[in-house]
Amino acid sequence: MNARLIKNGIYAVGVQDWSRRLFDSLIPLPDGTSYNSYLIRGSEKTALIDTVDPAFWDEFWQNLQDLPRLDYIISLHSEQDHSGSIPMLLERFPEAVIICSPKAKDLLGDHLLLPPAKLRAVADSETISLGDKSLRFIHTPWVHWPETMVAYLKEEKILFSCDFLGSHSASSDLYDNDDPAVLEAAKRYYAEIMMPFRTQIRSNLKKVREVDFDLVAPSHGPIWNHPEKILAAYEGWVSDKVQNKVVIPFISMHGSTAKMVDYLSKELIRQGVKVELFDLAVTDIGKLAMALVDAATIVIGSPTVHVGPHPGVASAAILANAIKPKARYAALIGSYGWATKVVENTLALLPNLKAEILGSVICKGEAKEPAKQELKALAELIAAKHKELN
Ligand code: FEO
């Protein structure tokens, strides 16, 4: 069996996907990802936690084919990157029972056509025994779907967390080993996948804080052998605290909007405010999502295309609306050719953004003196608002 020993009778049997560069045909994966799966051999029963993306079935099966029997397939999350190999696994181990949360029973049936008789739902805090080891299931909805749960192996102090606390990175390292690059990947993962569920994650963090563990074993990325690092980082990301920072996603077609962005940025810097600019024509949207984790203000810069925002800006606005950043303030700037409804059309794309709109600076053609004065006033207003926050 091509497996890596974690602790007594517990093995990592997942796979690394070094080549994947997009998740959900949307999210950039600069460092690939992994689909982690964990085998737990108890004195009486054997359980497998999560499977792998079905594209990697052959490699996964290589890791398991010496296994004589499997009693439980634990599905912590129904999304196919973790559950997709369950049907093939069930063909090899027809005796196995699939353990999942009550909500996952429907989802696994809908997505994988699994027979209901093979699925056993566990209640929050329910424990199953493997003999000398036991698994307690803790319901943690919305990390990442409504049915998600984590599993706690008390005897070896390991928390199996699936998407929760994970990171998209392929690595030959089994553990995070306090590598800052792993924490960076986890922040990107939080921004892209978890941020919309910030409130629910807060209560789930409290739930897992009540459990005593030494290792957090997610189903993407290395195992956290410094779990306090990732827990503390999450507690900061989900808090209401924001940084004295303005994120400016923008596009410019003929340079006028870019000049406005440049003018505003310099005024903000002069006012002591940190700025991060993202030219959406070339940017990695994962980097933009990360910047939005703790920015106090978003200023969108868009030229007008047929009276509305540039389609690249519209796409980024729809994404920002979906990931629900905690920014307190927002504004819009940009230049237009002959007519515009860019402000109303862009704001209509952001109903989930619970930010106070501080105003807009929209000018025809080049930014002339009145527009520059308005940009300066906007920078002063943002700086004053940030001071109030602190
Ligand atoms: Fe890694 Fe929500 O799946």
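No lab work stands behind these numbers, since they all come straight from the coordinates. Given the structure is predicted, the values throughout are model-derived calculations rather than measurements. Neighbour counts run over all protein chains shown; Cβ positions are idealised from the backbone, glycine included.
Considering only DSSP beta bridges with both partners in the range 257-385, what is the antiparallel share in %, to the nearest 5? List each step's numbers first, then the result.
Values: 2 of 15 bridges.
If I count the DSSP bridges inside the range 257-385, around 15 percent turn out antiparallel.
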### Query
From the phi of every residue in the range 146-151, what ³J(HN,Hα) in whole Hz does the Karplus formula 6.51 cos²θ - 1.76 cosθ + 1.60 yield, where θ is phi - 60° and glycine or proline is x?
x, 9, 5, 9, 10, 10
### Query
How much mean residue ellipticity at 222 nm does the chain get from its helices, if each DSSP H run of length 4 or more adds -39500 (n - 2.57) and you divide by all residues, to the nearest 500 deg cm²/dmol?
-9500 deg cm²/dmol
### Amide H within-cut-off set for Gly42, under 5 Å, with H built and near neighbours excluded
Ala47
### Query
How high is the relative contact order of the range 246-384, given as a whole-number percent (alpha carbon pairs under 8 Å, six or more residues apart)?
29
### Summary
At the level of C-alpha centres, the distance separating the range 47-94 and the range 325-390, in angstrom, is 50
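Could you order peptides 308-321, 91-104 by the average number of other Cβ atoms within 10 Å of their residues, highest first?
Numbers: 308-321: 19.8, 91-104: 17.6.
Result, highest mean Cβ count within 10 Å first: 308-321, 91-104.
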#### Entry: Rule-of-thumb Rg ratio for the range 45-161 [Cα; 2.2 N^0.38 Å; N residues]
0.99
### Query
Ordered by residue, what ³J(HN,Hα) values in Hz, to whole numbers, does the range 218-230 give under the Karplus form 6.51 cos²θ - 1.76 cosθ + 1.60, where θ = phi - 60° and Gly and Pro are x?
x, 9, 9, x, x, 6, 7, 8, 10, x, 4, 4, 6
### Message
On a full-extension model of 0.36 nm per residue, what is the gain between Ser203 and Ser19, subtracting their alpha-carbon distance, rounded to one decimal in nm?
### Response
62.8 nm
### Query
If you take the Cα atoms of the range 296-390, find Rg, then find the Kirkwood Rh from the mean of 1/r over all pairs, what is Rg/Rh?
0.97
### Summary
Expressed in angstrom and rounded, the centroid-to-centroid distance over alpha carbons for the range 121-169 and the range 260-318 is 38
### Message
If you take every DSSP beta bridge fully contained in the chain, what fraction is antiparallel? Give it as a percent rounded to 5.
### Response
45
#### Entry: Label point distance in nm, Ala355-Lys387, each placed 7 Å from Cα along Cα→Cβ
2.1
### Task
Could you pull out every one of the aspartates and glutamates with an alpha carbon less than 15 Å from that of Lys376, ignoring same-chain neighbours closer than 8 positions?
Asp262, Glu267
### Summary
As straight-line cross-link partners of Lys207, the qualifying aspartates and glutamates (C-alpha separation under 13 Å, not fewer than 8 residues apart within one chain) are Asp124, Glu235
#### Entry: Nonlocal amide H pairs with Cys162, under 5 Å, H built at 1.01 Å
Ser219
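For an R0 of 41 angstrom, estimate the FRET efficiency from the Cβ-Cβ distance between Asp178 and Lys259 and round to the nearest 0.05.
FRET efficiency, Asp178 to Lys259: 0.40.
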### Task
Taking the convex hull of the Cα atoms, report for the range 4-238 its projected area averaged over all directions, in nm².
11.2
### Amide H partners (placed H, <5 Å) of Val361, local residues excluded
Leu332, Ile333, Gly334
### Query
Relative contact order, percent, of the range 39-165 when contacts are C-alpha pairs under 8 Å separated by at least 6 residues?
23
### Task
Could you pull out every one of the lysines with an alpha carbon less than 19 Å from that of Lys45, ignoring same-chain neighbours closer than 8 positions?
Lys7, Lys118, Lys133, Lys154, Lys157
### Query
Ratio of Rg to Rh for the range 155-223, alpha carbon only, Kirkwood?
0.96
#### Entry: For the range 248-351: rounded, prolate or oblate by the Cα gyration tensor [a/c cutoff 1.5]
oblate
### ³J(HN,Hα) computed for each position of the range 49-64 - Karplus, 6.51 cos²θ - 1.76 cosθ + 1.60, integer Hz, glycine/proline x
9, 6, 10, 10, 3, x, 4, 10, 4, 4, 5, 4, 5, 4, 6, 10
### Task
Please tell me the relative contact order of the range 4-238 in percent, rounded to the nearest whole number, where contacts are Cα pairs under 8 Å and at least six residues apart.
17
### Task
Take the Cα of Asp124, step 7 Å along the line toward its Cβ, and report every residue of the range 197-230 whose backbone nitrogen sits under 13 Å from that point.
200-201, 203-208
## Note on the structure
Looks like the range 341-387, by Cα gyration tensor root eigenvalues a ≥ b ≥ c and the a/c under 1.5 rounded cutoff (else prolate when a/b is bigger than b/c, oblate otherwise), is oblate
